[in-house]
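These notes are about the structure you will find just below.
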Amino acid sequence: MTENKRQFRAIKGTRDILPPDSALWNWFEQTARNTFESYNFREIRLPIFEETELFARSVGADTDIVSKEMFTFNIGHDAESKEEPSQTYSLRPEATASVVRSYIEHRMQTFPGNLKLYYVGPMFRRERPQKGRYRQFYQIGAEVLGQSDAAAIDAEVIEMLMTFFKRADLTRTTLYINSIGDKNCRPQYVEKLREELRKVADRIGPDSQRRIETNPLRVLDSKLPEEQAIIGKLPRISDHLCDECREHFAKLKEELRLRGIAYEENWRLVRGLDYYTRTTFEVIAEGLGSQNAVCGGGRYDGLVELLGGPPTKGIGFAIGTDRAILSLQESGKLPSLPALAVFVAWMGQAAYLTAVNIAQKLREAGLAVELPPEEMKFKRSLALADKLGARYALIIGEDEVNSGTFTLKRLADSDQKKLSKFDLLEYLESERRDTRA
RNA sequence: GUGAGCGUAGCUCAGCUGGUAGAGCAUCGGUCUGUGGCACCGAGGGUCGCGGGUUCAAACCCCGUCGCUCACCCCA
């Protein structure tokens, strides 16, 4: 094998986010941060790997995510690392488990009020990649943990989410909500659903048949056209919620209405993670493939206890950044992001010193400046400025050096003027303020 | 894990019934020693994903393999 010629490439399901896309990503994530902080959420930064057991316990050992989609590795098995005990770790497939682990570890129940946290970062699932699905993908998520399970919390979380989408100009989305009951009423419903499904088992596909025993709720989620009529006649959880859950769901809808949040009830909306209770919600967007959910979330009142913490209520969501960005790009409604402001077109060694100095000044003033490291032919210099998308070319040659001025040329319309150093700084700074606002 | 489609230059693609590769764009340079976008000229860049088979001859046909894409499952 001649390994020296081998081309390395990003491994399956991972990808590079290159400029100018990276600017769009930063803007999107920054918009989320700004929105969330206006709701008094604060950022938590978490490890990207944890003990495998944490995910098994929280997400659910029988879920696809844990049973076959985690990147898991062992350390401490070889002699060299004998200081550390043998451990099995996994790259996080989602972040709620880590937030809850951190909540318990740092006794955050002693923090004042409801704890409102958000996170931004990569997640890892070993699935077959397709449109809008990657093995390393990115999520922006938020969680509220505390003693209260008031429907107003659910509503505020959803309002915040939809407000963010609006600010990011990710419109043409649909919010679906549902309640899947709690540990009192859901098991009864699931049993009833199972009974009904057994009666029609011969008329549904093998996947759905299998789920009758493993996870009857998932049958409701089936997309097979031939199963739709049958599914439509199955008992609905909304008719089988206990009084508390029914009231909570009614309250949520009332809260959403008074906040002006448009939603659609979707009795077939079930979520794949074991820890959800009561409120579940999902946002789908246009311009995506079959993976069209850009956000999923719900309430998880038993999770903190399940992981060994005090009785605590919780709710949260996770936005799929890759998909949201994809939808944004498909919509064509992209924001105009800061580009190169000034290209310094200098000629001759006499101008070089001036060029270096003014570049420093302009950068200090917050402008993006490109200073060619080597002398270029003037014509090529302007051509390059154009190709780099600069708004201005700052021309410094013999004339300018002799007269102590600068020639500023606006590339868009070729408008050109001679300015003193003071006027130049003044002019560009005010121009920057105007375009930023 | 399952299925389908596709792999020719950095990108988008052409290449007829098999005769050992081309265009546009992009990049770099020239026409053009202080004025970009245009035009013209030129250059670099490809073991046609890889391996095997059939054939006098394979980018093209056959088999295998790898990769990518989309879909299923499931999920953001």
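Quick check for the stretch A:187-287: number of Lys pairs with alpha-carbon distance under 24 Å, counting only pairs 8 or more apart or on different chains?
Lysine pairs satisfying the spacing and distance rule in the stretch A:187-287 number 5.
How much accessible surface area, in Å² rounded to 10, belongs to the heavy atoms of A:TYR352 with a 1.4 Å probe?
A:TYR352 has an accessible surface of roughly 80 Å² with all protein chains in place.
So how do A:164-174, A:297-307 stack up, highest first, on mean other-Cβ count within 10 Å?
Listed from highest to lowest mean packing, they are A:297-307, A:164-174.
Rounded to the nearest 5, what is the percent of antiparallel bridges among the DSSP beta bridges in chain A?
Numbers: 52 of 63 bridges.
Percent antiparallel among DSSP bridges in chain A is about 85.
At 1.4 Å probe size, with every protein chain present, just tell me what the per residue accessible area of the stretch A:342-436 comes to in Å².
Values: 5560 Å² over 95 residues.
Ligands and nucleic acids excluded, the result is 59 Å² per residue.
How far is helix A:321-331 tilted off the main Cα axis of chain A, in degrees rounded to 10, range 0 to 90?
70 degrees
When you count, for each residue, the other Cβ atoms within 10 Å and take the mean per peptide, how do A:93-100, A:14-21, A:127-134, A:260-267 rank with the highest first?
A:93-100, A:127-134, A:260-267, A:14-21
What is the distance in Å between the Cα centres of the stretch A:22-60 and the stretch A:310-346?
14 Å
Relative contact order, percent, of chain A when contacts are C-alpha pairs under 8 Å separated by at least 6 residues?
15 percent.
Taking the 0 to 90 degree range and rounding to the nearest ten, how far is the long axis of helix A:378-387 tilted relative to the main principal axis of chain A, both from C-alpha atoms?
Taking the Cα atoms of chain A, the angle to A:378-387 is about 20 degrees.
What order, most packed first, do the peptides A:109-115, A:290-296 have when packing is the mean number of other Cβ atoms within 10 Å of each residue? Before the final figure, lay out each step's value.
Values: A:109-115: 12.1, A:290-296: 19.4.
Final packing ranking: A:290-296, A:109-115.
Quick one: check the C-alpha center-to-center distance for the stretch A:254-286 versus the stretch A:92-131, whole angstrom.
Computed from Cα coordinates, the inter-centre distance equals 20 Å.
What accessible area per residue comes out for the stretch A:186-240, rounded to a whole number of Å², with a 1.4 Å probe?
For the stretch A:186-240, the per-residue accessible area is 60 Å².
Which pairs in the list A:LYS377/A:LYS409; A:LYS12/A:LYS116; A:LYS377/A:LYS421; A:LYS12/A:LYS313 are over 27 Å apart, alpha-carbon to alpha-carbon?
From A:LYS377/A:LYS409; A:LYS12/A:LYS116; A:LYS377/A:LYS421; A:LYS12/A:LYS313, over 27 Å: A:LYS12/A:LYS116; A:LYS12/A:LYS313.
Taking H as built 1.01 Å from N, whose amide H comes closer than 5 Å to the amide H of A:GLU94, not counting residues under 5 places away?
Excluding prolines and chain starts, which carry no amide H, the hits are A:PHE124.
Accessible area of the stretch A:328-437 with a 1.4 Å probe: how many percent of it is carbon plus sulfur?
Within the stretch A:328-437, the accessible surface is 50 percent carbon and sulfur.
Please determine, in degrees from 0 to 90 and to the nearest 10, the orientation of helix A:243-258 with respect to the longest principal axis defined by the Cα atoms of chain A, where the helix direction is its Cα long axis.
30 degrees
Under the definition of Cα pairs under 8 Å and six or more residues apart, what whole-number percent is the relative contact order of the stretch A:186-240?
43 percent
The values are calculated or read from the model by the stated rules, or taken from the named source; none is laboratory data. Source: prediction; values computed, not measured. Cβ coordinates were reconstructed from backbone atoms using ideal geometry, including for glycine residues, and neighbour counts include every protein chain displayed. These area figures cover heavy atoms from the full protein model, side chains too; ligands, DNA and RNA do not enter into them. Shrake-Rupley method; radii C 1.70, N 1.55, O 1.52, S 1.80 Å.
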